[in-house]
Amino acid sequence: MKAKDLMIPLQDYLKTDNTLKEAVNLLRAAKRGEEKVGVKGLPVLDEKGKLTGMVSMGDILRAVYPSYMSMMNLGDFTWDGMVESLAKQVADKQVETVMTKNVITIMEDDPLMECVDHMIRNKVQRLPVLDKSGKVVGMLYERDVFFAIVKAMLEENTGGGK
Amino acid sequence: MTEGVAATSQVVMGTQFWIATALFILAYGLIVSEKIHKTIVAIFGAALMIVLRIVTQEDAFHSMDLGIDWNVIFLLISMMIIINIMKPTGVFEYIAIKSAKVAKGKPFMIMAIFSVVTAVVSAFLDNVTTVLLIAPVTLLICQALELDVVPFLITEALASNIGGTATLIGDPPNIMIASKAQLDFMAFVYHLTPVIIVVLIAYVISIKFIFGKKMKVREELRQRVMAMDEKEAIKDPVLLKKSLVVLAITIGGFIVHGMLHFEPATIALFGAGLLLLVSGTKEPHHILAEAEWATLFFFMGLFMIIGGVVKVGLIKWMSIKVLELTQGNLFGTSMIVMWFSAFASAFIDNIPYVATMNPLIIDMAKQLWPNLSGTQLLHHPDLMPMWWALSLGACLGGNGTAIGASANVIVVGMAEKMGKPISFKKFMLYGMPLMIESVIICTVYVWLRYYVLKI
């Protein structure tokens, strides 16, 4: 099985000048097939359609997490309403400022094990899938890889030989 | 000045002289330009000094006059180790939260108490470390009180540079001066701490006038600070107790090291070794790895580069020129040293500056008193004010601009991350007048104490 057999074809994506408000709205309502189920991460494309980054739920959490909190152990000294007020402060920031810029990608014809290798090695749960021209054609999610493994385990005949 | 003219002829300006001088100027130019990381410049420059046969490897690694000052390196490494072990105990968070509560969440009181705490902690720890330990809590408190962080960050950086000047271990220039001039911890306490206390008091009064009026905080926001329980900060009370005992032993050791005839680095190394032992850590790797190796190698490289220009006589030549300029007037020389150091340190790194000035002052002393040597020369009563002038000028001068001291660079970086950039001009607007104020106080002090009262 190859990356393109398991990927979800690209439907929803963000643009670099989208605000975080727009980003979270899309993350919440992104489609999977026909259903609006939301996703944990979306690719960010520039005006020419080139992949420039990824925004995940983790990036949104980091966007409201002040940099000084990571410098010392200050979790015990926070207050009720802190996250909410910081969320309002960063709502109009551009996606570009919070996205993960170093994106791990795969090619549509890459074998599944290569995808698994990337996911484990780089600790990511989703990979943008590129075609030969470098355009994003879909997203490969950890859960879909998981279900492919489940299928192989439970229905032995359809395993590796295919 | 016939002596001076005779001495000039002693410097042979041959090929070696010009190669070393060119290398020195090129290295310092690159360090100032920041085109290449200063540590890389220092390491490569040092290697070239040896490869071009200006100094031998023996000189660079083992000579007290021409090579790496291991006293400075081991003092720095040891203090870094002690702090790295203490950091996870939560003691620094505790001190900062406690300070905010003592200030009852009132903005100017927080600013004043944080400045004083920063100054006191800086007197014992490296300034950058101190700022990295206090500033994150400051940002949290400012967020809680919905206050502008910029004045707090600037005042803390300035306070750390002031406090660091007070002791031998407070700021790298003092560590370097102490090692070269063979001055002990108590000499710094006796000669510098009093004036720094005056400078700090004047500083707190000044920031009251500059920032005091603008800041107001709503009662409900103050409650956020008052609700914080500083005791929760302590994550490892056992290690904290051990650390505090070792720290007390170490500071006690510094106080008596002169009497016991130990170098400061010996005391620091003992403290670091003891704390590593009693901390019960099985994996010292990460504690040692977190030492700031880039800074340490910067020092090592610089010492070797300076060794080259000392050996070829450039520094001696410069010292002769300085004496010619001041006509041997020592009060005038010390004043020039202080003010020149202050403005030089405001724009360039005070570490390479002091590394150059130390041998220059020693060479100057050799011109003045050719028959003396050892501590008789280094501690000549007429030379002592020069060391203090160098320390006060070089340390306090760092307050002049955003790039004058590493602590300033750190807070500017933090402010930018918080989305509140501090421009070079804005920092200078506060830093420069406060720096000049502090150097004026020191000028009066040095003049009064060493040239009028002579005590």
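Computed values, structure above
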{"item": "A:Thr105 vs. criteria touching a Leu at 6+ places or on another chain (Cβ under 9 Å) and open to solvent by 30 Å² or more (accessible area, probe 1.4 Å)", "result": "yes"}
{"item": "Any hit, region B:79-87, residues being under 30 Å from B:Gly301 (Cα atoms), in contact (Cβ under 8 Å) with a residue 40 or more places away in the chain, within 15 Å of the chain's Cα centre (by Cα) and in a helix (DSSP H, G or I)", "result": "yes"}
{"item": "Of residues in region A:85-102 being in contact (Cβ under 8 Å) with a residue 40 or more places away in the chain and among the charged types (D, E, K, R), the one most open to solvent (accessible area, probe 1.4 Å)", "result": "A:Lys101"}
{"item": "Unique residue being open to solvent by 10 Å² or more (accessible area, probe 1.4 Å), touching a residue at least 12 places away in the same chain (Cβ under 8 Å), within 18 Å of B:Val246 (Cα to Cα) and within 14 Å of chain A (Cβ to nearest Cβ) when the list is B:Val91, B:Val128", "result": "B:Val91"}
{"item": "Residue, nearest to the other protein chains (Cβ to nearest Cβ), within region B:136-148, restricted to residues that are within 20 Å of B:Ile210 (Cα to Cα) and open to solvent by 10 Å² or more (accessible area, probe 1.4 Å)", "result": "B:Glu146"}
{"item": "Listing of helices (runs of 4 or more DSSP H) fully contained in region A:36-94 that carry 1 or more residues being more than 9 Å from chain B (Cβ to nearest Cβ), closer than 26 Å to B:Asp229 by Cα and at pLDDT 90 or above", "result": "A:57-64, A:82-90"}
{"item": "Selection from region B:414-424 of residues that are without any contact (Cβ under 8 Å) to a residue 60 or more places away in the chain and more than 16 Å from B:Leu158 (Cβ to Cβ)", "result": "B:Glu416, B:Lys417, B:Gly419, B:Pro421, B:Ser423"}
{"item": "Region B:184-213, residues that are in a loop (DSSP other than H, G, I, E, B) and either hydroxyl-bearing (Ser, Thr, Tyr) or farther than 30 Å from B:Tyr450 by Cβ (or both)", "result": "B:Gly212, B:Lys213"}
{"item": "Residues within region A:95-107 that are more than 12 Å from chain B (Cβ to nearest Cβ) and outside any loop (DSSP other than H, G, I, E, B), tallied", "result": "6"}
{"item": "Set B:Lys235, B:Lys216: member being part of a loop (DSSP other than H, G, I, E, B) and under 30 Å from B:Ile81 (Cβ atoms)", "result": "B:Lys235"}
{"item": "Unmet requirement for B:Ile177, which otherwise passes all of (1) within 14 Å of chain A (Cβ to nearest Cβ); (2) in contact (Cβ under 8 Å) with a residue 40 or more places away in the chain", "result": "(1)"}
{"item": "Filtered residues of region A:39-59 (kept if under 29 Å from A:Trp79 (Cβ atoms) and surrounded by fewer than 18 Cβ atoms within 10 Å (Cβ to Cβ))", "result": "A:Lys40, A:Met57, A:Gly58"}
{"item": "Within region B:213-234, considering residues that are among the charged types (D, E, K, R) and within 14 Å of chain A (Cβ to nearest Cβ), the one nearest to the chain's Cα centre (by Cα)", "result": "B:Glu230"}
{"item": "Of all residues in region A:7-28 being under 30 Å from A:Val116 (Cβ atoms) and polar (S, T, N, Q), the one that is farthest from the chain's Cα centre (by Cα)", "result": "A:Thr16"}
{"item": "Residue in region B:387-408 that is outside any helix (DSSP H, G or I), free of Cβ contacts under 8 Å to residues at least 24 places away in the same chain and more than 14 Å from chain A (Cβ to nearest Cβ) present", "result": "no"}
{"item": "Top-ranked residue of region B:338-354 - restricted to ones that are open to solvent by 10 Å² or more (accessible area, probe 1.4 Å) and assigned to a helix (DSSP H, G or I), ranked as nearest to B:Leu314 (Cα to Cα)", "result": "B:Tyr353"}
{"item": "Any hit, region B:199-212, residues being over 20 Å from the mean Cα position of the chain (by Cα), among the β-branched types (Val, Ile, Thr) and open to solvent by less than 20 Å² (accessible area, probe 1.4 Å)", "result": "yes"}
{"item": "Meets criteria (polar (S, T, N, Q), under 14 Å from B:Asn71 (Cα atoms) and surrounded by fewer than 21 Cβ atoms within 10 Å (Cβ to Cβ)) for B:Thr266", "result": "yes"}
{"item": "Residue list for region B:225-236, filter: touching a residue at least 12 places away in the same chain (Cβ under 8 Å) and either in contact with a Lys or Arg (Cβ under 6 Å, 6 or more places away or on another chain) or open to solvent by 70 Å² or more (accessible area, probe 1.4 Å) (or both)", "result": "B:Glu230, B:Lys231, B:Lys235"}
{"item": "Given (1) under 25 Å from A:Gln89 (Cα atoms); (2) surrounded by fewer than 22 Cβ atoms within 10 Å (Cβ to Cβ), number of the condition B:Ala103 does not satisfy", "result": "(1)"}
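The values are calculated or read from the model by the stated rules, or taken from the named source; none is laboratory data. Just so we're clear, the structure is a prediction, and the values are computed from it rather than from any experiment. Positions of Cβ are generated from backbone atoms using ideal geometry, with glycine treated the same way; all protein chains shown enter the neighbour counts. To get the accessible areas, we keep the full protein, side chains included, count just its heavy atoms, and leave off ligands, DNA and RNA. Shrake-Rupley method; radii C 1.70, N 1.55, O 1.52, S 1.80 Å.
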